[in-house]
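Below is one structure, written out as C-alpha coordinates; the observations come after it.
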Amino acid sequence: MLRARVPEKLKELVEKFRLNEEHYKSHSFLETQVRVEFINPLVRLMGWDVDNEAGNSPEYKDVIHELHSGNRKHIDYVFKVGSEKKFLIEAKRPNEEVIGNGDHANQGKLYAWEAHIPLVVITDFEELAIYQGYREHRPEPQPQPADSAATRLVFTCKYTDYAKYWSFLYSLLSKKSVMLGLHDHLLRRLDEVKAKISESVYAFGEFNLLYSIAQSFGGEDYSVEQDIEIGEYLQATRPAHATDISMQEGVRSPLRIAANSVSHAPAAFYLAPVYP
(Lines give C-alpha, C1' and ligand atoms only; values in the text may rest on other atoms or scores of the structure.)
Protein backbone atom coordinates (compact mmCIF):
# COMPACT_ATOMS: atom_id res chain seq x y z
CA MET A 1 0.00 0.00 0.00
CA LEU A 2 1.07 3.56 -0.58
CA ARG A 3 1.57 5.71 2.48
CA ALA A 4 -0.62 8.75 1.94
CA ARG A 5 -1.30 11.43 4.52
CA VAL A 6 -4.79 12.87 4.46
CA PRO A 7 -4.41 16.20 2.56
CA GLU A 8 -5.63 19.37 4.20
CA LYS A 9 -7.52 20.13 0.99
CA LEU A 10 -9.50 16.89 1.40
CA LYS A 11 -10.44 17.87 4.95
CA GLU A 12 -11.53 21.27 3.64
CA LEU A 13 -13.70 19.71 0.93
CA VAL A 14 -15.35 17.37 3.44
CA GLU A 15 -16.01 20.19 5.89
CA LYS A 16 -17.34 22.44 3.14
CA PHE A 17 -19.84 19.76 2.11
CA ARG A 18 -20.80 19.04 5.71
CA LEU A 19 -21.49 22.68 6.56
CA ASN A 20 -23.58 23.25 3.43
CA GLU A 21 -25.02 19.79 2.91
CA GLU A 22 -28.62 20.98 2.68
CA HIS A 23 -27.73 23.27 -0.23
CA TYR A 24 -25.61 20.68 -2.05
CA LYS A 25 -28.38 18.08 -1.75
CA SER A 26 -31.04 20.43 -3.08
CA HIS A 27 -32.47 20.26 -6.61
CA SER A 28 -30.79 23.57 -7.45
CA PHE A 29 -27.26 22.12 -7.16
CA LEU A 30 -26.45 20.64 -10.55
CA GLU A 31 -24.09 17.89 -11.72
CA THR A 32 -21.81 20.43 -13.41
CA GLN A 33 -21.44 22.23 -10.09
CA VAL A 34 -20.55 19.11 -8.12
CA ARG A 35 -17.90 18.30 -10.72
CA VAL A 36 -16.30 21.74 -10.50
CA GLU A 37 -16.54 22.22 -6.73
CA PHE A 38 -15.85 18.71 -5.45
CA ILE A 39 -15.00 15.95 -7.93
CA ASN A 40 -12.34 17.86 -9.89
CA PRO A 41 -10.50 18.90 -6.69
CA LEU A 42 -10.76 15.33 -5.39
CA VAL A 43 -9.08 13.79 -8.45
CA ARG A 44 -6.43 16.54 -8.46
CA LEU A 45 -5.49 15.35 -4.96
CA MET A 46 -4.87 11.95 -6.54
CA GLY A 47 -2.35 13.45 -8.94
CA TRP A 48 -4.43 13.63 -12.13
CA ASP A 49 -4.11 16.64 -14.44
CA VAL A 50 -7.86 17.00 -14.74
CA ASP A 51 -7.66 20.31 -16.67
CA ASN A 52 -4.69 19.33 -18.85
CA GLU A 53 -2.61 22.14 -17.41
CA ALA A 54 0.44 20.42 -18.88
CA GLY A 55 -0.91 21.20 -22.35
CA ASN A 56 -0.60 17.61 -23.59
CA SER A 57 -1.99 16.67 -26.98
CA PRO A 58 -5.37 14.85 -26.91
CA GLU A 59 -3.88 11.35 -27.05
CA TYR A 60 -1.66 12.05 -24.01
CA LYS A 61 -4.12 13.78 -21.71
CA ASP A 62 -4.52 12.28 -18.24
CA VAL A 63 -8.28 12.72 -18.28
CA ILE A 64 -10.81 12.63 -21.09
CA HIS A 65 -14.02 14.50 -20.38
CA GLU A 66 -17.30 13.42 -22.01
CA LEU A 67 -15.86 10.46 -23.90
CA HIS A 68 -18.36 9.23 -26.48
CA SER A 69 -19.37 5.65 -25.63
CA GLY A 70 -22.05 4.89 -28.21
CA ASN A 71 -25.81 5.41 -28.33
CA ARG A 72 -25.32 9.18 -27.98
CA LYS A 73 -23.97 8.67 -24.46
CA HIS A 74 -20.83 10.24 -22.97
CA ILE A 75 -18.68 9.14 -20.02
CA ASP A 76 -18.03 12.01 -17.60
CA TYR A 77 -14.36 11.20 -16.87
CA VAL A 78 -11.99 8.59 -18.27
CA PHE A 79 -8.55 8.29 -16.64
CA LYS A 80 -5.80 6.85 -18.79
CA VAL A 81 -2.07 6.41 -19.34
CA GLY A 82 -1.22 6.84 -23.01
CA SER A 83 -3.96 5.00 -24.87
CA GLU A 84 -4.77 2.61 -22.01
CA LYS A 85 -7.97 3.46 -20.13
CA LYS A 86 -7.66 2.62 -16.42
CA PHE A 87 -10.97 3.66 -14.86
CA LEU A 88 -13.95 5.94 -15.34
CA ILE A 89 -15.92 8.24 -13.06
CA GLU A 90 -19.59 8.95 -13.53
CA ALA A 91 -20.66 12.06 -11.64
CA LYS A 92 -24.10 12.44 -10.08
CA ARG A 93 -25.94 15.20 -8.26
CA PRO A 94 -25.81 14.88 -4.46
CA ASN A 95 -29.62 14.86 -4.26
CA GLU A 96 -29.51 11.46 -6.01
CA GLU A 97 -28.61 8.24 -4.22
CA VAL A 98 -25.40 6.56 -5.39
CA ILE A 99 -25.05 3.62 -3.02
CA GLY A 100 -27.75 1.11 -3.85
CA ASN A 101 -28.91 2.89 -7.02
CA GLY A 102 -29.28 0.17 -9.63
CA ASP A 103 -29.87 2.56 -12.53
CA HIS A 104 -26.65 4.49 -11.90
CA ALA A 105 -24.74 1.25 -11.36
CA ASN A 106 -26.00 -0.24 -14.61
CA GLN A 107 -25.20 2.94 -16.52
CA GLY A 108 -21.61 2.98 -15.30
CA LYS A 109 -21.06 -0.73 -15.93
CA LEU A 110 -22.53 -0.45 -19.44
CA TYR A 111 -20.24 2.50 -20.23
CA ALA A 112 -17.27 0.46 -19.02
CA TRP A 113 -18.30 -2.53 -21.12
CA GLU A 114 -18.69 -0.43 -24.27
CA ALA A 115 -15.37 1.40 -23.80
CA HIS A 116 -13.39 -1.61 -22.39
CA ILE A 117 -12.64 0.11 -19.07
CA PRO A 118 -11.89 -2.26 -16.15
CA LEU A 119 -13.06 -0.15 -13.18
CA VAL A 120 -16.09 2.06 -12.56
CA VAL A 121 -16.40 4.81 -9.94
CA ILE A 122 -19.78 6.46 -9.39
CA THR A 123 -19.88 9.46 -7.08
CA ASP A 124 -21.77 12.59 -6.14
CA PHE A 125 -18.99 13.35 -3.62
CA GLU A 126 -21.41 12.61 -0.79
CA GLU A 127 -21.23 8.91 -1.64
CA LEU A 128 -18.82 6.82 -3.68
CA ALA A 129 -19.32 3.35 -5.16
CA ILE A 130 -16.77 1.26 -7.08
CA TYR A 131 -17.66 -1.57 -9.45
CA GLN A 132 -15.79 -4.06 -11.57
CA GLY A 133 -15.98 -2.88 -15.16
CA TYR A 134 -15.09 -4.56 -18.42
CA ARG A 135 -13.58 -8.04 -18.40
CA GLU A 136 -12.87 -10.09 -21.50
CA HIS A 137 -15.46 -12.84 -22.09
CA ARG A 138 -17.83 -11.27 -19.53
CA PRO A 139 -21.33 -10.65 -20.95
CA GLU A 140 -22.77 -7.20 -21.44
CA PRO A 141 -24.38 -5.75 -18.29
CA GLN A 142 -28.15 -6.18 -18.20
CA PRO A 143 -30.89 -3.92 -16.82
CA GLN A 144 -32.38 -4.61 -13.42
CA PRO A 145 -33.26 -7.03 -11.96
CA ALA A 146 -30.74 -9.18 -13.87
CA ASP A 147 -27.97 -6.74 -12.85
CA SER A 148 -28.69 -5.07 -9.52
CA ALA A 149 -26.82 -2.38 -7.62
CA ALA A 150 -24.94 -5.20 -5.86
CA THR A 151 -23.70 -6.91 -9.03
CA ARG A 152 -19.93 -6.42 -9.40
CA LEU A 153 -19.92 -3.94 -6.50
CA VAL A 154 -16.55 -3.97 -4.69
CA PHE A 155 -16.44 -0.88 -2.44
CA THR A 156 -18.61 1.91 -1.06
CA CYS A 157 -18.12 4.77 1.36
CA LYS A 158 -19.55 8.17 2.26
CA TYR A 159 -17.71 11.48 2.23
CA THR A 160 -17.42 11.46 6.02
CA ASP A 161 -15.12 8.41 5.66
CA TYR A 162 -12.83 9.75 2.93
CA ALA A 163 -10.11 10.51 5.46
CA LYS A 164 -10.38 7.01 6.94
CA TYR A 165 -10.04 5.37 3.52
CA TRP A 166 -7.68 7.89 1.94
CA SER A 167 -4.63 5.63 1.75
CA PHE A 168 -6.75 2.91 0.15
CA LEU A 169 -8.37 5.27 -2.36
CA TYR A 170 -4.99 6.77 -3.18
CA SER A 171 -3.48 3.30 -3.61
CA LEU A 172 -6.25 2.36 -6.04
CA LEU A 173 -7.08 5.53 -7.97
CA SER A 174 -4.08 7.87 -7.89
CA LYS A 175 -1.87 8.44 -10.91
CA LYS A 176 1.12 7.35 -8.83
CA SER A 177 -0.57 4.03 -8.09
CA VAL A 178 -1.28 3.50 -11.79
CA MET A 179 2.29 4.35 -12.78
CA LEU A 180 3.76 2.03 -10.12
CA GLY A 181 1.51 -0.87 -11.15
CA LEU A 182 -0.28 -1.08 -7.80
CA HIS A 183 -3.63 -0.23 -9.41
CA ASP A 184 -3.33 -3.18 -11.80
CA HIS A 185 -2.13 -5.46 -9.00
CA LEU A 186 -5.22 -4.67 -6.93
CA LEU A 187 -7.51 -5.43 -9.87
CA ARG A 188 -5.77 -8.76 -10.52
CA ARG A 189 -6.21 -9.75 -6.88
CA LEU A 190 -9.83 -8.64 -7.06
CA ASP A 191 -10.45 -10.92 -10.05
CA GLU A 192 -8.80 -13.85 -8.26
CA VAL A 193 -10.91 -13.40 -5.14
CA LYS A 194 -14.15 -12.73 -6.99
CA ALA A 195 -13.68 -15.96 -8.92
CA LYS A 196 -13.85 -17.85 -5.61
CA ILE A 197 -16.84 -16.20 -3.94
CA SER A 198 -20.47 -15.32 -4.59
CA GLU A 199 -21.27 -12.35 -6.84
CA SER A 200 -23.06 -10.53 -4.01
CA VAL A 201 -21.02 -10.46 -0.83
CA TYR A 202 -21.37 -7.79 1.82
CA ALA A 203 -19.59 -6.70 4.95
CA PHE A 204 -21.62 -5.55 7.92
CA GLY A 205 -22.57 -1.88 7.57
CA GLU A 206 -20.69 -1.16 4.34
CA PHE A 207 -19.31 -2.99 1.36
CA ASN A 208 -15.52 -3.19 1.48
CA LEU A 209 -14.35 -6.23 -0.48
CA LEU A 210 -11.71 -4.32 -2.45
CA TYR A 211 -10.56 -2.53 0.70
CA SER A 212 -10.12 -5.88 2.42
CA ILE A 213 -8.17 -7.26 -0.53
CA ALA A 214 -5.94 -4.18 -0.54
CA GLN A 215 -5.01 -4.86 3.08
CA SER A 216 -4.25 -8.52 2.47
CA PHE A 217 -0.87 -8.09 0.83
CA GLY A 218 2.24 -6.32 1.98
CA GLY A 219 3.87 -3.17 0.75
CA GLU A 220 4.59 0.18 2.25
CA ASP A 221 3.16 0.76 5.73
CA TYR A 222 -0.52 1.64 5.54
CA SER A 223 -1.06 4.95 7.31
CA VAL A 224 -4.37 6.42 8.46
CA GLU A 225 -5.19 9.15 10.92
CA GLN A 226 -7.45 7.16 13.21
CA ASP A 227 -6.20 5.74 16.50
CA ILE A 228 -7.72 2.31 15.84
CA GLU A 229 -6.50 -1.03 14.62
CA ILE A 230 -8.23 -2.02 11.42
CA GLY A 231 -8.25 -5.71 12.33
CA GLU A 232 -10.00 -4.95 15.63
CA TYR A 233 -12.48 -2.68 13.84
CA LEU A 234 -13.46 -5.44 11.40
CA GLN A 235 -13.72 -7.99 14.20
CA ALA A 236 -15.90 -5.68 16.28
CA THR A 237 -18.29 -5.01 13.40
CA ARG A 238 -18.37 -8.58 12.14
CA PRO A 239 -21.91 -10.05 12.10
CA ALA A 240 -22.42 -13.34 13.86
CA HIS A 241 -23.30 -15.15 10.62
CA ALA A 242 -20.36 -13.81 8.60
CA THR A 243 -17.97 -16.19 6.89
CA ASP A 244 -14.19 -15.83 6.99
CA ILE A 245 -12.64 -15.92 3.54
CA SER A 246 -8.91 -16.44 3.88
CA MET A 247 -6.54 -15.16 1.24
CA GLN A 248 -4.68 -17.77 -0.78
CA GLU A 249 -1.01 -18.72 -0.83
CA GLY A 250 1.64 -16.18 -1.79
CA VAL A 251 -0.14 -13.31 -0.07
CA ARG A 252 1.18 -11.65 3.04
CA SER A 253 -0.97 -11.03 6.09
CA PRO A 254 -2.85 -7.73 6.21
CA LEU A 255 -1.51 -4.96 8.39
CA ARG A 256 -3.29 -3.96 11.54
CA ILE A 257 -2.95 -0.25 11.93
CA ALA A 258 -2.61 2.03 14.92
CA ALA A 259 -1.12 5.49 15.03
CA ASN A 260 2.63 5.19 14.38
CA SER A 261 2.64 1.43 14.72
CA VAL A 262 2.18 -1.60 12.50
CA SER A 263 1.54 -5.21 13.49
CA HIS A 264 0.32 -8.30 11.64
CA ALA A 265 -3.04 -10.06 11.85
CA PRO A 266 -4.37 -13.24 10.25
CA ALA A 267 -5.13 -12.87 6.55
CA ALA A 268 -8.92 -12.86 6.54
CA PHE A 269 -11.71 -10.43 5.87
CA TYR A 270 -15.18 -10.68 7.25
CA LEU A 271 -18.04 -10.87 4.79
CA ALA A 272 -21.56 -12.23 4.74
CA PRO A 273 -23.68 -13.06 1.71
CA VAL A 274 -26.78 -11.04 0.91
CA TYR A 275 -29.68 -13.15 -0.28
CA PRO A 276 -32.47 -11.85 -2.54
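The values are calculated or read from the model by the stated rules, or taken from the named source; none is laboratory data. Not measured: the values here are computed from a predicted model. All Cβ positions, even for glycine, are placed from backbone atoms using ideal geometry, and neighbour counts span all protein chains on display.
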*asked:* Suppose we filter region 17-35 for residues that are closer than 26 Å to residue 47 by Cα and either of a type in the set (Phe, Trp, Tyr) or in contact (Cβ under 8 Å) with a residue 12 or more places away in the chain (or both); how many remain?
replied: 7
_Can you find a residue that is in contact (Cβ under 8 Å) with a residue 60 or more places away in the chain, aliphatic (A, V, I, L, M) and either farther than 30 Å from residue 15 by Cα or buried (at least 20 other Cβ atoms within 10 Å of the Cβ) (or both) anywhere in region 65-86?_
yes
_Please go through region 15-64 and give me each residue that is among the aromatic types (Phe, Trp, Tyr), in contact with a helix residue (DSSP H, G or I) (Cβ under 7 Å, 6 or more places away or on another chain) and farther than 20 Å from residue 97 by Cβ, ordered by number._
48
*Select from region 1-55 the residues that are among the aliphatic types (A, V, I, L, M), surrounded by 15 or more Cβ atoms within 10 Å (Cβ to Cβ) and either under 15 Å from residue 160 (Cα atoms) or modelled with pLDDT of 95 or more (or both) and list them in ascending order.*
6, 10, 13, 14, 34, 39, 42, 43, 45, 46, 50
*Just checking, how many residues over region 25-53 are among the aliphatic types (A, V, I, L, M) and closer than 15 Å to residue 93 by Cβ?*
4
_Failed condition for residue 75, given (1) within 15 Å of residue 123 (Cα to Cα); (2) touching a Leu at 6+ places or on another chain (Cβ under 9 Å); (3) assigned to a helix (DSSP H, G or I)_ = (3)
*Filter region 63-92 down to residues that are in contact with a Gly (Cβ under 6 Å, 6 or more places away or on another chain) and among the β-branched types (Val, Ile, Thr), then give me how many there are.*
0
_Give me the strands (runs of 3 or more DSSP E) completely within region 91-202, filtered to those with at least 2 residues that are surrounded by fewer than 23 Cβ atoms within 10 Å (Cβ to Cβ), free of Cβ contacts under 8 Å to residues at least 40 places away in the same chain and aliphatic (A, V, I, L, M), ordered by residue number._
none
*Could you tell me whether any residue of region 110-129 is of a type in the set (Ser, Thr, Tyr), within 18 Å of the chain's Cα centre (by Cα) and within 26 Å of residue 9 (Cα to Cα)?*
yes
